[in-house]
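Beneath this line is the structure, given in structure tokens, with notes to follow.
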Amino acid sequence: MPQISVIVPVYNVQRYLRRCVDSILSQTFSDLEVILVDDGSPDRCGAICDEYAAADPRVKVIHKPNGGLSSARNAGIEAAAGEYLAFVDSDDWLDADMFEQLHRLCTAHGAQIAECSYRSIYRDTVTEETPCTAGVIEAGPSEAIRGILEWKHFKPVAWNKLYHRSVIGSTRYPEGWLHEDEFTTYKFFAAAKKLVYLDVSKYNYDRSRTDSITGEAFREANLDSCFALRERREFLHHFGFDELEEQDNNVYCWVLLDRLYQCYRNRIAGPKVDAVLAMAAEDAVYFESHPVSPVYLLQLQLLRDNGLKAYGQMRDKQQ
Amino acid sequence: MPTVSVIVPVYNAENYLGWCINSILKQSFRDLELILVNDGSTDGSLEICRRYAALDSRVRVLTLENSGVSAARNAGMQAAQGEFIQFVDSDDVVSPDFTGKLLETLRFCDADIAICGIQVVEQQGENGGYKATHQFSCRPLGHFCVMVRPLFIQNMARLFWETCCMEGPCNRIYRTSIIRENGLEFPLDMSYGEDCMFNIEYYSRCRRAALISQPLYYYLWHFQHASLARSHKPNLVENQMRQVMALRRLCESEGEMTKPAAQALANYCVGQCIKSLNMLPHPQDVQELDECRREVMRMLSYPEAVKSFDEANYIPPEYAPLVGAVKGCDVDGILNAVATAEKRLHQINTPPPRPGFANRVLAKLFGGLERLFRKGPVHKWARIMRLNLETMGLKITFRRMLGKLTGRSAQG
């Protein structure tokens, strides 16, 4: 049984795939298996995956009909045999000792999830996400989820982490939704007893493509984060993370209102927009009896009473 | 024993040190040791050094009482176990093949030094992103230049003058044996130009040099550097002159310089003189003025420096009045010429205030003329006038126009 299963969903990335897989196969931690999930990719990716499988016994390939990023990751989870799991996006790549460090952190600290920092690669610059002070931070699930809320260490992204298979459990990525990590990562955190973060960047997050699923322009699918955060609110309440309630509510409201404002600015309409507006109307009532910043409650009421256009115009004036 | 020792002097660098160290350790070339020399930092730098040493066995931490960057580099060199040595500054980063490519080049050419290009990256605003601006490299001479000693010396002046990447200790790889056998060290008694002196001593011992134009070293300009007060460096001009004289001796060490080399050296010397004069602080009182005068007198006590103003064939146009002042050894004339040039450059480089009413009217007028006369001299003149008004404002435009009409050079 390999120590780490690395799951790579593959779709339409033939120009970047080799860079990604080579960086995994040349990791200093070699006791791993690589599961390449060819999600019905129309280009040469399927053939490239088979090449890798033929050359290295650590590589497994799953060819499946196209189902989206979440379904690809889920297929990988089902097939994974490792004690730990990791996700790598097929247009990104790793520094040579990333898994060695993450695995060492898990064993040394008795943690179920280890996270490192990352850098964003743009067309003409590189931006480090953190100062890389090499600090080590231990946390329980509550503090880790607070980290998600504050966008500090313990971020919601799926791919800069090593997960022990016990925290995956039956949780899966939601199929057919964008921002799938917003739906899932906090659930992994909640299932862990201990998490550890190392402030050194070891993951290269490619932001130079314009054809990735989170491209530049705002579209209706970007509203999916609202549904994710709604679910998170219910989850945190159900599992008794009451100390996070107010902050989570504030983040939820900010995202909800911001996404609706973006819909107004980009003239986006459709069934999802209507669903989110209905959600917002419910929330205008919900937050009368739950802790949240009064500014947001006011804005939700305004939105419910006067409609999206009026709300958008008010936000325009505020800029 | 590691093949390469990378030495990083650290002093109060906690904001950017992590990026520097990480960029060195994540290189594809693994067989190196990283020596972090903590020069008595009072911030969190030592803690960062220790954490990286705990993460990666290739990292060593030396501690000094605050002794200056030269002492720190010397301590690092003494402790180095590698066959080759590199230096990196604690607030810069390197490319993933910085060590690998330079070592490969050095070995391939059987050279004693390999030099790469430098990419300058500037932070746009206080919390802004970093944008690559310009490069310094051997490209004026070629993309991959290999010079045996006589040709290296012969081209030295040109290299210094045209590439601007020969003075610093960071964009290269050295052989430890040459440093140790000749007892080379960074001089402790210079507040400026000490790394150039070290390089000149090293160059004089090279049998062969290799230069590649590829920028493997990223010189980061952080926005907070702008607000750091220009600290007065003692004996600035003297150190600068020492450096230029040492370069001259090196260029003459293989026989008399060729005419182009002598010209390049003169241009370089003029450039260095101007640089050091620009770094003199603005005198606030008579005492400081006398101190500035003394610095200028020190410069004038080097006849070669004065002669270079004669021999040079490039003087930045704003500094034209400086030539006459230097030739006449006019101390106050020199200080005035530098002050005037600084003001002129400041004017050209700062964006003008919002154009006033007269400016806007005139600009509209010239714009109209431009459109009326589609081609020809009137169109050209009107276009130039309009652009001048828009970019430099009314006063400067008038002054330049007057200057052109009365046939004087851009002055006054």
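Expressed in units of 2.2 N^0.38 Å, where N is the residue count, the Cα radius of gyration of region B:166-240 is 1.34. The charge dipole of region B:4-230, taken about the Cα centre with unit charges on the Cβ atoms of Lys, Arg (+1) and Asp, Glu (-1), comes to about 720 debye, rounded to the nearest 20.
If you build a Gaussian network model of chain A, linking Cα atoms that sit under 10 Å apart, which residue out of A:PHE287, A:PHE188, A:PHE239 swings the most? Of A:PHE287, A:PHE188, A:PHE239, the Gaussian network model singles out A:PHE239 as fluctuating most.
Assuming charge only on the beta carbon of Lys and Arg (+1) and of Asp and Glu (-1), the dipole of region B:170-224 about its Cα centre is about 400 debye to the nearest 20.
Within the protein assembly as shown, what percent of beta bridges assigned by DSSP are antiparallel, to the nearest 5? Of the beta bridges lying entirely in the protein assembly as shown, close to 40 percent run antiparallel. Here region A:4-213 has an Rg and Dmax of 16.0, 44 Å, counting Cα atoms alone.
Within chain A, the longest run free of GluC sites (Glu not before Pro) that sit in a DSSP loop with at most 15 other Cβ atoms within 10 Å is A:1-174.
The ratio of the alpha-carbon radius of gyration of chain B to the globular-protein estimate 2.2 N^0.38 Å is 1.14. Each of A:ILE137, A:MET1, B:ALA71 was scored by the projection of its Cα onto the charge dipole of the protein assembly as shown, and the greatest displacement toward the positive side belongs to B:ALA71; charges sit on the C-beta of Lys, Arg, Asp and Glu.
Cross-link pairs exceeding 31 Å between alpha carbons, from the set A:LYS60/A:LYS161; A:LYS187/B:LYS131; A:LYS155/B:LYS26; B:LYS233/B:LYS395; A:LYS64/A:LYS161: A:LYS187/B:LYS131; B:LYS233/B:LYS395. Dipole magnitude for chain A: about 400 debye, using +1 per Lys or Arg Cβ and -1 per Asp or Glu Cβ, origin at the Cα centre. When exposed loop sites are taken as GluC sites (Glu not before Pro) in a DSSP loop with at most 13 other Cβ atoms within 10 Å, the longest stretch of chain B clear of them is B:257-412. Loop-located trypsin sites (Lys or Arg not before Pro) in region B:308-405 (DSSP state not H, G, I, E or B) with no more than 16 neighbouring Cβ atoms inside 10 Å: B:ARG374, B:LYS375. Solvent exposure of the protein assembly as shown amounts to 46 Å² per residue of accessible area, where only protein heavy atoms count and the probe is 1.4 Å. Accessible-area rank, largest first, for B:MET166, B:MET1: B:MET1, B:MET166, with all protein chains present and a 1.4 angstrom probe. The trypsin sites (Lys or Arg not before Pro) of region A:218-319 that DSSP puts in a loop, and whose beta carbon has at most 12 other beta carbons within 10 Å, are A:ARG267. Distance between the C-alpha centres of region A:1-72 and region A:178-196: 23 Å, rounded to the whole angstrom. Summary of the geometry: region B:60-91 and region A:133-150, compared by the centres of their Cα atoms, lie 35 Å apart. State the Cα centre-to-centre distance between region B:110-155 and region A:84-126 in whole Å. With region B:110-155 and region A:84-126 each reduced to a Cα centre, they are spaced 33 Å. What is the pair-distance distribution P(r) of region A:217-318, computed from all Cα-Cα distances in 10 Å bins starting at 0, with each bin given as a whole percent? Histogram of Cα-Cα distances, whole percents per bin: 15, 50, 29, 6, 0.
When the alpha carbon gyration tensor of region A:21-82 is reduced to an equivalent ellipsoid, its three semi-axes come out at 20, 14, 9 angstrom, largest first.
In chain B, the DSSP-assigned H stretches of four residues or longer account for a calculated mean residue ellipticity at 222 nm of -16000 deg cm²/dmol, using -39500 (n - 2.57) per stretch and the full residue count as denominator. Net charge of the neighbourhood of B:ARG294, taken over other residues with C-beta under 11 Å away and scored Lys/Arg +1, Asp/Glu -1, is -3. If R0 is 22 Å, the Cβ-Cβ spacing of B:ALA54 and B:GLN81 corresponds to a FRET efficiency of close to 0.65.
Could you compute how much accessible area chains A and B hide from each other, both sides summed, with a 1.4 Å probe? Nearest 100 Å² is fine. About 1200 Å² of accessible surface is lost on pairing.
Placing one equal scatterer on every Cα of the protein assembly as shown and applying the Debye formula, the log10 ratio I(q)/I(0) at q = 0.07, 0.10, 0.11 Å⁻¹ is -0.69, -1.14, -1.22.
Solvent exposure of B:LEU405, expressed as accessible area, is near 140 Å², computed with a probe of 1.4 Å over the protein chains only. Taking a Cβ cut-off of under 12 Å around A:LEU308, the surrounding Lys, Arg, Asp and Glu residues balance to a net charge of +4, with basic ones at +1 and acidic ones at -1.
For the pair B:ARG400 and A:GLN319, label points projected 7 Å from Cα toward Cβ lie 3.6 nm apart. Note on chain A: helix-only mean residue ellipticity at 222 nm, from DSSP H runs of 4+ residues weighted -39500 (n - 2.57) and normalised by residue number, equals -14500 deg cm²/dmol.
Using the Cβ-Cβ distance between A:GLU150 and A:ALA281 with R0 set to 41 Å, the FRET efficiency works out to roughly 0.90. Among the trypsin sites (Lys or Arg not before Pro) found in region B:157-264, those both in a DSSP coil and sparsely packed, with 10 or fewer other Cβ atoms within 10 Å of their Cβ, are B:ARG230.
Helices assigned as whole DSSP H runs in chain A whose Cα atoms extend at least 27 Å along their own long axis and whose mean Kyte-Doolittle hydropathy is -1.0 or higher are found at A:245-265. Taking all protein chains together and rolling a 1.4 Å probe, A:ILE148 ends up with roughly 20 Å² accessible.
For B:GLU304 and B:HIS143, what is the calculated FRET efficiency with R₀ set at 30 Å and r taken between the beta-carbons, to the nearest 0.05? Rounded to the nearest 0.05, the efficiency is 0.35. Counting only protein heavy atoms and using a 1.4 Å probe, the accessible area of A:SER26 comes to about 80 Å². Working from label points 7 Å from Cα in the Cα-to-Cβ sense, the B:ASN313 to A:ASP43 distance is 5.2 nm.
The values are calculated or read from the model by the stated rules, or taken from the named source; none is laboratory data. Keep in mind the model is a prediction, meaning the values are calculated, not measured. Positions of Cβ are generated from backbone atoms using ideal geometry, with glycine treated the same way; all protein chains shown enter the neighbour counts. Side chains are part of the model used for accessible areas, which takes the heavy atoms of the whole protein and leaves out ligands, DNA and RNA. Shrake-Rupley method; radii C 1.70, N 1.55, O 1.52, S 1.80 Å.
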